[in-house]
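**Student:** I am attaching a structure below and will ask some questions about it afterwards.
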Amino acid sequence: MKRRILCLVLSVVAVSRGFAAETGKVSALPPDSLSYNMNEVVVTATRTPLMLKDTPIITRVITAKDIQRRGVATLQQALEGELAGVEFHQAGYGSSLSFQGLDARYVLFLVDGERIAGETYGNIDYARIPMDNIARIEIVRGASSVLYGSNAMGAVVNLITRMPVQKYEINASLRYGTPFQRNGGDSLAGSATPRDSRFYRDKLDLPNLKGDFSIGFNLGKFKSLTAFSYRSTDAYRLVGTKNEVRHYDSLNMMTPKMIPVLGPEGNVVGMRPQMDPATGMPVFVVGRTVRDTTVSVAPDKRGLSVSGWRDINVSQRFDYELSDKFRFQVTGSYFSKNRYDFNGSILDENPMSNNSKPWTYESYSGYNVKAQMEHSPNRNNKIYLSFMHDGYYRNLDSLSSATVPKQRHSYNIPRLLWTLQAGEYNRLTTGVEMVNERLRFDLNRDSLGFDAPESMTSGSLYVQDEILNGHALSFVAGVRGNYNNRFGWSVTPKLSAKYTVGHCSLRANYASGYRTPSLKEMYMEFTVPIPGQTTVIRGNDRLRPETNHYVSLAAEYNREGVNFSATAYKSFFRNKIDVRGHAEGMETILQYENINRSQFAGVEVMANVRLARGLFVRANYNYIYQTDDAPESSTQYIFPSPHTATFQADYGFMIRKCYIGLNAAVRYVGAKDYEDFMPVLDMTGSSMASMKYWTGTYTAHHEGYAVCDAVVNATFPQRVTLSVGVNNMFNRQPSIVNFNSDITSPRNMFVRISYAFGHD
């Protein structure tokens with residue numbers, strides 16, 4: 001299959017060159033067809049429509065054309081390929097995000113301006129977002145709590161869905177990628193039959209298949225779009241090739257507790273470790289403290305299993321314009337996902353032990369409904385009234401012979417928004433909203449010693465004034481008052497200014513952000529059993545809300561075909577929520593705690609340049625630096641790399657009526673040093689008595705890496721587009737595999753064909 005796809009890629013390139021040489025009718029695209037469109041209308045930065053060039057905060061936009069040009073299949077690919085400072089670390093349960101030094105808890109993801117339920121390990125389920133239904137993605141860096149409330153401390157990512165522009169529209173696409181890995185060597189234990197084993201392997205060997213279909217109507221006052229998306233990916237396993245070197249400034253060395261072994265006559269004939277009947281492991285005793293110790297941990301032969309997924313997304317949207325004064329919108333979506341994993345992974349020794357279907361590991365689902373009314377009493381006033389419900393459900397989860405309780409997470413958000421055009425250049429926005437969050441987790445509350453509440457409610461009032469006078473200087477100022485039924489009142493201000501001279505602009509921004517502890521951080525206890533040890537993540541009902549102060553200064557140069565920008569930013573955190581770890585026997589206890597102070601600072605540089613007719617390049621570089629006063633026992637799971645960069649080159653040309661687009665992309669992630677808290681069980685000795693168990697905070701090093709992608713797009717007059725590409729061209733894989741490693745998917749070659757029909 002790989003050879004066939006490679007031949008197809010070469011054939012497309014060769015054919016395009018042949019046509020060009022034969023006909024001599026190669027013409028470049030219009031000058032601005034690939035350029036950075038500063039006249040793009042965005043809404044996320046101010047919650048009201050503004051052209052990109054007029055926003056006081058630099059906002060990055062990823063369009064549907066950008067997604068198609070790069071052959072993007074997932075939200076992870078879209079963000080990592082376009083933005084420096086964005087890293088995804090994929091573990092068995094999904095993906096963990098780092099955004100300019102902050103993990104996913106500080107990045108608010110929205111769909112059409114509404115937050116998404118279902119945070120898992122601080123991340124939303126990114127599989128809920130089908131890429132073919134996205135019109136554009138707007139990214140606003142920095143604190144935006146004035147407009148969007150809790151969680152908007154590091155960035156806001158708003159995914160805006162598309163609507164039909166023609167009377168009748170049909171869009172269909174099918175993408176097939178080569179499998180990551182064949183797993184036929186895995187076998188099932190227990191009572192599995194040969195048929196079960198074959199079926200299980202078949203489910204693990206899922207193809208990298210993605211299909212999308214939508215049908216839309218635009219009848220003037222009435223618009224409708226129905227969309228369906230299916231995606232499956234196969235499971236694969238990553239095994240490190242090098243030892244992980246861990247340096248401990250100090251650690252506790254523990255050894256098994258030895259008890260005498262009595263002979264037939266009652267005399268002592270030897271010593272043996274005392275075993276804990278509950279765990280089946282030796283009972284360890286704390287020894288002396290050891291300093292400046294380096295431990296080399298060999299790669300786990302089982303590796304890290306990255307699960308395969310099968311996702312289904314269905315969505316419906318209706319827009320109806322009753323009159324010039326009233327517009328209505330109703331949207332709904334349904335999402336379902338099943339997970340497939342290896343037999344014998346570190347998370348589940350025997351997946352058949354708890355599941356009637358051995359190929360099912362986890363299943364998730366969710367749905368979203370929203371109703372909105374827009375009323376325009378006159379040309380200067382607009383009133384928006386909306387209600388949104390978003391629910392996310394973990395239906396099944398099997399871990400090491402124990403069924404993890406079901407999880408139900410939802411948001412209910414009513415909102416009233418009013419905008420007033422108070423003069424030619426002054427626009428006032430005010431709003432009232434309530435956010436009710438519910439979490440149901442069927443845990444054993446008696447073991448925690450208290451009853452976990454199932455809901456948390458906050459109410460907000462915010463006001464924003466945009467002074468866009470059409471001249472050199474413009475301002476945006478706002479303030480938000482928020483009341484939470486558990487944490488009381490909070491006030492967050494914001495002030496942004498933009499000064500323009502000719503083609504140059506200078507932007508300054510200050511914003512305050514806040515985040516209330518989630519119900520999971522306060523009350524949920526989660527156990528991750530791993531052979532040799534058990535990690536317990538505990539909630540803390542004494543947590544305090546986090547706050548931050550974000551400042552940035554940006555300079556930008558923009559003219560036809562050229563866009564440069566440089567941004568310096570810094571964020572000051574108080575009461576940042578982190579995890580502190582300690583060892584209790586063979587258990588690692590991680591509990592959420594507040595850290596008094598923490599700081600993040602960085603610099604970002606972007607360049608978008610048209611070098612020639614049809615040739616366009618873009619580059620993005622980000623540097624991040626962080627400090628905090630956390631104790632050594634604190635654990636930051638996602639450590640960002642200080643240096644990240646992206647580079648893209650696009651070339652487009654016409655051959656008769658066929659458009660050929662070539663895209664090459666490179667993503668660079670620099671080396672990083674980080675600290676972690678992790679017990680180490682050394683079983684390399686010749687006997688149980690020689691076992692050693694270390695606990696402490698260690699430092700580790702990961703080398704930098706680069707991932708290269710390439711895509712060829714051919715668009716034909718019949719509105720058929722053929723895309724052929726390869727992700728991770730040089731098959732870059734991490735040499736060290738652990739939770740903080742870069743988990744890069746193996747080389748994947750794909751073919752995508754799409755058809756678009758429209759009729760006016």
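**Student:** Return a yes/no flag: does the range 520-530 have any residue that is part of a strand (DSSP E or B), surrounded by 21 or more Cβ atoms within 10 Å (Cβ to Cβ) and not assigned by TED's automatic domain parsing to the domain that holds residue 275.
**Tutor:** no
**Student:** Look through the range 427-462, keep the residues that are among the aliphatic types (A, V, I, L, M), within 30 Å of the chain's Cα centre (by Cα) and at pLDDT 75 or above, and return whichever of them is farthest from residue 390 (Cα to Cα). Give the steps one after another, and end with the answer.
**Tutor:** Looking only at the range 427-462, we keep the residues that are among the aliphatic types (A, V, I, L, M), and these are 428, 432, 434-435, 439, 443, 448, 452, 456, 461.
Those still in the list that are within 30 Å of the chain's Cα centre (by Cα) too: 432, 434-435, 439, 443, 452, 456, 461.
Now narrow it down to the ones that are at pLDDT 75 or above: 432, 434-435, 439, 456, 461.
Numbers: 432: 19, 434: 14, 435: 11, 439: 12, 456: 15, 461: 22 Å.
Filtering first and then ranking leaves 461.
**Student:** Can you tell me which of (1) at pLDDT 80 or above; (2) in a loop (DSSP other than H, G, I, E, B); (3) over 30 Å from residue 108 (Cβ atoms); (4) among the small types (Gly, Ala, Ser) is the one residue 191 doesn't meet?
**Tutor:** With (1) at pLDDT 80 or above; (2) in a loop (DSSP other than H, G, I, E, B); (3) over 30 Å from residue 108 (Cβ atoms); (4) among the small types (Gly, Ala, Ser) applied to residue 191, the lone miss is (1).
**Student:** Determine the pairs where a residue that is not assigned by TED's automatic domain parsing to the domain that holds residue 561, located within the range 605-619, has a partner that is surrounded by fewer than 16 Cβ atoms within 10 Å (Cβ to Cβ) and at pLDDT 95 or above with Cβ atoms under 9 Å apart, the partner being 6 or more residues away or on another chain.
**Tutor:** Cβ pairs passing all conditions: none.
**Student:** With 324, 319 as the choices, which residue is farther than 19 Å from residue 226 by Cβ, assigned by TED's automatic domain parsing to the domain that holds residue 365 and acidic (Asp, Glu)?
**Tutor:** The match here is 324.
**Student:** Name the single residue that is surrounded by the most Cβ atoms within 10 Å (Cβ to Cβ) among those in the range 570-589 being of a type outside the set (Lys, Arg) and modelled with pLDDT of 85 or more.
**Tutor:** Ranking the candidates gives 571 first.
**Student:** Still on this structure, I have one more. Taking into account only those residues within the range 149-183 that are in a loop (DSSP other than H, G, I, E, B) and touching a helix residue (DSSP H, G or I) at 6+ places or on another chain (Cβ under 6 Å), which is farthest from residue 209 (Cα to Cα)?
**Tutor:** Out of the qualifying residues, it is 153.
**Student:** Could you list, ordered by first residue, the pairs with Cβ atoms under 6 Å in which the first is in the range 213-239 and outside any loop (DSSP other than H, G, I, E, B) and the second is among the basic types (Lys, Arg), at least 6 apart or interchain?
**Tutor:** Here the result reads 218/167; 225/317; 231/210; 232/310, each pair linking the range 213-239 to a residue that is among the basic types (Lys, Arg).
**Student:** Have a look at 57, 67, 62 and point out the one that is closer than 25 Å to residue 721 by Cβ, of a type in the set (A, V, I, L, M, F, W, C) and either in a strand (DSSP E or B) or in contact with a Ser or Thr (Cβ under 8 Å, 6 or more places away or on another chain) (or both).
**Tutor:** Going through 57, 67, 62 in turn, just one is closer than 25 Å to residue 721 by Cβ, of a type in the set (A, V, I, L, M, F, W, C) and either in a strand (DSSP E or B) or in contact with a Ser or Thr (Cβ under 8 Å, 6 or more places away or on another chain) (or both): 62.
**Student:** Something else now. Name the single residue, out of those in the range 464-506 being of a type in the set (Lys, Arg) and assigned to a strand (DSSP E or B), that is nearest to residue 561 (Cα to Cα). Break it down into steps so the answer makes sense when it comes.
**Tutor:** Our first condition is that a residue be of a type in the set (Lys, Arg); within the range 464-506, this holds for 480, 486, 494, 498.
So of that shortlist, the ones also assigned to a strand (DSSP E or B) come out as 480, 494, 498.
Details: 480: 39, 494: 32, 498: 22 Å.
Filtering the range 464-506 for residues that are of a type in the set (Lys, Arg) and assigned to a strand (DSSP E or B), the one nearest to residue 561 (Cα to Cα) comes out as 498.
**Student:** In the range 719-738, which residue that is under 19 Å from residue 180 (Cβ atoms) and of a type in the set (Gly, Ala, Ser) is surrounded by the fewest Cβ atoms within 10 Å (Cβ to Cβ)? Write out each step before concluding.
**Tutor:** Step one: filter the range 719-738 for residues under 19 Å from residue 180 (Cβ atoms), giving 724-735, 737.
Filter again for of a type in the set (Gly, Ala, Ser), leaving 725, 735.
On the way: 725: 25, 735: 15.
Looking at residues that are under 19 Å from residue 180 (Cβ atoms) and of a type in the set (Gly, Ala, Ser), I get 735.
**Student:** Still on this structure, please answer the following. Can you pull out every residue in the range 590-612 that is modelled with pLDDT under 90, crowded, with 16+ Cβ neighbours inside 10 Å and of a type outside the set (S, T, N, Q)?
**Tutor:** Result: 590, 592, 593, 595, 600.
**Student:** For residues that are surrounded by fewer than 16 Cβ atoms within 10 Å (Cβ to Cβ), of a type outside the set (Gly, Ala, Ser) and farther than 27 Å from residue 558 by Cα, tally how many sit in the range 454-485.
**Tutor:** Qualifying residue count for the region: 6.
**Student:** Let me ask another. If you go through the range 130-148, how many residues are touching a Phe, Trp or Tyr at 6+ places or on another chain (Cβ under 8 Å) and not in a helix (DSSP H, G or I)? Quick ask: steps written out before the conclusion?
**Tutor:** Taking the range 130-148 and keeping what is touching a Phe, Trp or Tyr at 6+ places or on another chain (Cβ under 8 Å), we get 141-143, 145-147.
Applying the additional criterion that residues be not in a helix (DSSP H, G or I) yields 141-143.
Total meeting the criteria: 3.
**Student:** In addition: I'd like the residue in the range 74-106 that is assigned to a loop (DSSP other than H, G, I, E, B) and crowded, with 23+ Cβ neighbours inside 10 Å and, out of all such residues, is modelled with the lowest pLDDT.
**Tutor:** 101
**Student:** Another question, if that's okay. Pick from 128, 136: which is of a type in the set (Lys, Arg) and buried (at least 23 other Cβ atoms within 10 Å of the Cβ)?
**Tutor:** Within the list 128, 136, the selection yields 128.
The values are calculated or read from the model by the stated rules, or taken from the named source; none is laboratory data. Please read these numbers as outputs of a predicted model, since none were measured by experiment. Heads up, the Cβs are rebuilt from the backbone with ideal geometry, glycines too, and the neighbour counts pull from every protein chain shown.
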